[in-house]
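Handing you this structure, nothing more for now.
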Amino acid sequence: MGGHELLHPTSSPFAALLLFLCLLEFCCKVDDVIVHGFPLHQIDSGLIEEKSILVPDTSLISTPQPFIPLLAPSPMTPFFSNSTPKLSGRCTLNFSAVDSLISTTAVDCLSSFAPLLANVICCPQFQAMLVILIGQSSKNTGMLALDSTQANYCLLDYQQILESRGASGNLEQICSIHPLNLTEGSCPVNDISEFESAIDSSKLLLACERVDAVNECCSQICQNAIREAATKIALRDGGLTSMDISNNLPEHYSRIDGCRSIVLRWLSSRLDPLSAKHVLRRISNCNVNEACPLVFPDTTKVTEYCGNRIKNNTACCSAMDNYVSHLQKQSFITNLQALDCASLLGLKLQKMNVTTNIYSFCQITLKDFSLQVGSQESGCLLPSLPSDAMFDPSSGISFTCDLNDNIAAPWPSASGAPTSFCNK
């Protein structure tokens, strides 16, 4: 699995002509990546405006190649608004110190595409930047949290800056972020001095300064260190005991979660912003990949035609294709998420007396669980490792898709035992 970057076209007149043809939805071929123009529809209580999107040709070639869909700007309008944000003047966070990362976030959460990339790219980056901003600010303030008034102003300013660079103006809702997320929550510790007196800071930094992007989700070296530090500071004021934590009550979980945010901000204060971004994205990526983000519609029609002994092959596969088409309108997902989704749907169907492996029977692939673009089979599975969208002035927005081949969706075993994340 893997992707390769689309090489930037040269500045020759021929390259300019190719780009122009692409934008007019003619097919083009650049550096052996074949693309076509199709409208992309976003599903969010219905269809939204069409955007020009370039997706790979699905005709047979000797060796399928990973592709990068280009979300190209309209030739009639500027791609980014580049407007001047209207800031409150009441937020003390130093946005200019992490300007390049804010630009990365704006591209990751670009306008109407933010909901489509929300789970895998946009929201993890949006949230990581908030942690980094507060962590970097703590070097001057000594505080690892904002008060409620500051939190409100700073979140509004952050959103304004991103929106001025082309990001969606609805990120707080898309990513479920509230001003409270910038405070200490119910954690009893919020300043650096008290934090460092409560935990072994050198041990924490050693565990997390270099997070292994491939192995962290299974080894959990950094995550265990974060959990240990969060637990220690949660117990700091005596309002919570080890026995309370073991009971797993919602209010106790809330305190641990608030303290976990404090730990992440402290780590961000001890790393340079780019390194902090890599650490935070790699940690959050474990949560991203361990669950299927899709919403499964009612399976009645599929079970009606595919349940028990299949009587009409065509009717069964037609019902299955129609069902999967609803999943394909939701969002881009990673290859590991696609495995989770295939397993969950398979188990759901098995409980409804669908005993035949209809993934194989109806030729359902992993790509079929991700967002489709255009009228051809061109599902995009994002890489399981953290990634960002990319912006090029000449070609627009691109992001790398993984598994550009028709890998069959695995039908779950009869035992129904879930597949371990670390065995995928």
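The values are calculated or read from the model by the stated rules, or taken from the named source; none is laboratory data. None of the values given here were measured: they were computed from a predicted structure. Using ideal geometry, Cβ is built from the backbone for each residue, glycine included, and neighbour counts are taken over all protein chains shown.
Filtering region 278-294 down to residues that are over 12 Å from the mean Cα position of the chain (by Cα) and β-branched (Val, Ile, Thr), which residue is nearest to Gln337 (Cα to Cα)?
Ile283
Further, regarding this structure: I need the full set of residues from region 196-224 which are more than 19 Å from Glu290 (Cβ to Cβ) and aliphatic (A, V, I, L, M), in order please.
Listed by number, the residues that qualify are Ala198, Ile199, Leu204, Leu205, Leu206, Ala207.
Exactly one condition in (1) assigned to a helix (DSSP H, G or I); (2) more than 23 Å from the chain's Cα centre (by Cα); (3) at pLDDT below 95 is not met by Gly258; state its number.
(2)
Could you give every pair whose Cβ atoms fall below 6 Å, whose first residue belongs to region 208-220 and is in contact (Cβ under 8 Å) with a residue 40 or more places away in the chain and of a type in the set (Gly, Ala, Ser), and whose second residue is surrounded by 14 or more Cβ atoms within 10 Å (Cβ to Cβ) and not in a loop (DSSP other than H, G, I, E, B), counting only separations of at least 6 or pairs across chains?
Qualifying pairs under 6 Å: Ala213/Arg282.
For region 288-295, does any single residue satisfy the condition of being without any contact (Cβ under 8 Å) to a residue 40 or more places away in the chain, surrounded by fewer than 20 Cβ atoms within 10 Å (Cβ to Cβ) and not polar (S, T, N, Q)?
There is at least one residue in region 288-295 that is without any contact (Cβ under 8 Å) to a residue 40 or more places away in the chain, surrounded by fewer than 20 Cβ atoms within 10 Å (Cβ to Cβ) and not polar (S, T, N, Q).
Also, I was wondering about something else. Need the failing condition index for Lys301 against (1) closer than 21 Å to Cys175 by Cα; (2) part of a helix (DSSP H, G or I), just the number.
For Lys301, the failing item is (1).
Still on this structure: For the list (1) touching a residue at least 12 places away in the same chain (Cβ under 8 Å); (2) over 23 Å from Arg255 (Cβ atoms), I need the number of the one condition that Asp99 fails.
(1)
Examine region 387-409 for a residue that is modelled with pLDDT under 85, outside any helix (DSSP H, G or I) and among the hydroxyl-bearing types (Ser, Thr, Tyr), and state whether such a residue exists.
Yes: region 387-409 contains one or more residues that are modelled with pLDDT under 85, outside any helix (DSSP H, G or I) and among the hydroxyl-bearing types (Ser, Thr, Tyr).
Being out of contact with any Ser or Thr (no Cβ under 7 Å at 6 or more places or on another chain) and in contact (Cβ under 8 Å) with a residue 12 or more places away in the chain is the filter; apply it to region 310-322 and report the residue that is nearest to Gly379 (Cα to Cα).
Per the stated criteria, the residue is Asp321.
Among (1) among the β-branched types (Val, Ile, Thr); (2) modelled with pLDDT of 95 or more; (3) in a helix (DSSP H, G or I), there is one condition Ile245 misses while meeting the rest; what is its number?
(2)
Considering only region 94-179, give the helices (runs of 4 or more DSSP H) lying wholly within it that have at least 3 residues that are in the same structural domain as Leu280 (by TED's automatic domain parsing) and of a type in the set (A, V, I, L, M, F, W, C).
99-108, 114-117, 123-141, 148-164
Test Ala207 against the criterion of being farther than 17 Å from Ala145 by Cα, modelled with pLDDT of 95 or more and in contact with a helix residue (DSSP H, G or I) (Cβ under 7 Å, 6 or more places away or on another chain), and give yes or no.
Spelling it out, Ala207 is indeed farther than 17 Å from Ala145 by Cα, modelled with pLDDT of 95 or more and in contact with a helix residue (DSSP H, G or I) (Cβ under 7 Å, 6 or more places away or on another chain).
Let me ask something else. Looking only at region 183-232, count every residue that is among the hydrophobic types (A, V, I, L, M, F, W, C), buried (at least 19 other Cβ atoms within 10 Å of the Cβ) and not in a helix (DSSP H, G or I) and tell me the total.
Total satisfying the criteria: 4.
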